[in-house]
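These notes concern the structure reproduced below.
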Amino acid sequence: MAIRERLSGNEAVATAMKQINPDVVAAYPITPSTEIPQYFSNFVANGSVSTEFIAVESEHSAMSACIGASAAGARVMSATSSQGLAYMFEMLYIASGMRLPLTLVVANRALSAPINIHNDHSDSMGARDSGFIQLYCENNQEAYDNTIMAIKITEKTKLPVMVCYDGFITSHSVENISLMENEEVKQFIGEYTPDEYLLDSTKNISMGPLAMQEVYFEKRIELAKAMEDAQDVIIEVSKEFEKITGRKYGLYETYQLEDADYGIVLLNSTAGTAKDVVDELRNKGIKAGLLKPRCFRPLPYNEIPEELRHLKSLAILDKSDTINAYSGPLFSEITSTLYHQNIQIPTINYIYGLGGMDVTTQDIKSVYMDLQEIAKTGKITQVRKFLFDNKEVD
């Protein structure tokens, strides 16, 4: 039976971690994810969980401890943001390359410089090629649900999973959500029984040895194949979750997109704002639609283009910039999938919300107005624009 609660995103994630009761949590505090280990350490102190909580001296150490614990056969979790994720960077590749299951919650925050504690996606997008599965969350409910599903996904794929949601916007805002019963969570994730682990006295194994060219290449191919196969695992786990909770998750979500003329693709909490705009425009007879990827790694490269094929014009919104003088990361990857399916849609990129800059319904509405003009003329004078201070800046 569902439990109704009012929780912030960080509280919701900490509650999910409490219900999961992992063997090890290693974490170092950084805004805006600090509350997650703070809440969880209280659960450790009052005996609500049997978890070994390791208060490390840095985020690099947090991921190192998680890697060691996972290699030893433990169910492992951590949380971080921004520079903390950047400080883990070296160890992210080791976690995935060693095929170690672990769950990392990221409350998205802008990377310095200049120093900024507010939300954008530059941290997780900077780690997009690290071999982590990446799941993005629109609201507190999705943050809670994806954290629970991540446990099963990481253990089935033997790939680490990153659960991403917007700092402060989601992490600190309180919303009504539905929690699972403790026993439901326990039954859903099951007991963790790794095939191989360092403390298994019945097997002699080595982890992380030097690999020369041929072996290294072979292991990177295996890692790439595991990410391809992860898509089916995510779908399977999501269907199991739906049977228990009634909440449906796919690799992405569409909103009023089926018959839309003008579409937007974007991640995380701004999808809620965009849905309101879609409703408003639909009431005026304008066929607006939205696609929100839940899964950025692995990228649903076959499915997403099919959802967009019929559009007259398309905008892809990035809450980070690659600083490549061309476009944001989401734009580059989505347009690449369209190209390889020979789908030609006039497509424009908007960089928005950097450093926590407010994104209003008026901002989103202006994008849809641009899309109408693009559909009429078929012309895009500049691929990338910046949405700044309620104005478009070339």
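A few notes on this one:
- A protection proxy built from the mean count of other Cβ atoms within 10 Å ranks the segments 254-262, 84-92, 99-107, most packed first, as 99-107, 84-92, 254-262.
- Listed pairs Lys248/Lys385; Lys243/Lys365; Lys365/Lys385 exceeding 25 Å between Cα atoms: Lys248/Lys385; Lys243/Lys365
- Calculated log₁₀ intensity ratio I(q)/I(0) where the Debye formula runs over C-alpha points of the range 185-308, q = 0.12, 0.16, 0.17 Å⁻¹: -0.70, -0.97, -1.02
- The range 306-327 and the range 224-260 have their alpha-carbon centroids 21 Å apart.
- Remark on Ser320: its backbone amide H falls under 5 Å from those of His121, Tyr352, a criterion applied only to residues 5 or more positions apart or on other chains, H modelled at 1.01 Å from N.
- Remark: the Lys156-Glu242 segment gains 29.2 nm on full extension, using 0.36 nm per residue and subtracting the alpha carbon distance.
- Ranked packing of 229-239, 313-323, most packed first, by mean Cβ within 10 Å: 313-323, 229-239
- Degrees between helix 59-71 axis and first principal axis of the chain (Cα, 0 to 90, nearest 10): 60 degrees
- Over the residues of the chain, the helix contribution to mean residue ellipticity at 222 nm works out to -13000 deg cm²/dmol, using -39500 (n - 2.57) for each DSSP H run of at least 4.
- Given charges at beta-carbon only (K, R positive; D, E negative), |dipole| of the chain in Debye: 460 debye
- For the chain, the longest principal axis of the alpha carbon atoms and the long axis of helix 270-283 meet at an angle near 30°.
- Potential lengthening of the chain between Val56 and Asn342 amounts to 98.0 nm, from the contour at 0.36 nm per residue minus the alpha-carbon distance.
- Rounded Å value of the spacing that divides the Cα centres of the range 336-393 and the range 24-101: 37 Å
- Under the criterion of Cα pairs below 8 Å and six or more residues apart, the relative contact order for the range 252-393 equals 25 percent.
- Here the Karplus relation 6.51 cos²θ - 1.76 cosθ + 1.60, evaluated at θ = phi - 60°, turns the backbone of the range 377-384 into coupling constants of 9, x, 10, 10, 6, 9, 5, 10 Hz, with x for every Gly and Pro.
- Rough spin-label spacing in nm, given labels placed 7 Å along Cα→Cβ, for Ala72 and Glu191: 2.0 nm
- Put a dot 7 Å past the Cα of Glu280, heading toward its Cβ, do the same for Val383, and the two dots end up 3.1 nm apart.
- Cα centre as origin, Lys/Arg/Asp/Glu Cβ charges: the range 292-379 dipole, Debye: 160 debye
- The H on the amide N of Asn108, modeled in the peptide plane, is under 5 Å from the matching H of Tyr165, Asp166, Gly167, each at least 5 residues off or on a different chain.
- Relative packing of peptides 296-309, 63-76, 35-48 - highest average C-beta neighbours within 10 Å first: 63-76, 296-309, 35-48
- Tilt relative to the chain, helix 9-20 - C-alpha long axis, 0 to 90 degrees, to 10: 40 degrees
- Extension gain for Glu5-Glu228 works out to 76.7 nm (0.36 nm per residue, less the C-alpha to C-alpha distance).
- Spin-label model, Thr254 to Thr361: label points 7 Å out along the Cα-to-beta-carbon direction sit 2.5 nm apart.
- For the chain, the relative contact order works out to 15 percent when only alpha carbon pairs closer than 8 Å and six or more residues apart are counted.
- Computed FRET value (nearest 0.05) for Ser112 with Lys203, which takes r as the C-beta separation and R₀ as 51 Å: 0.70
All of the numbers you see were taken from the coordinates with simple rules; none came from a lab. Values in this document were obtained by computation on a predicted structure and should not be read as measured data. Glycine also receives a Cβ, built like all others from the backbone with ideal geometry; neighbour counts cover every protein chain displayed.
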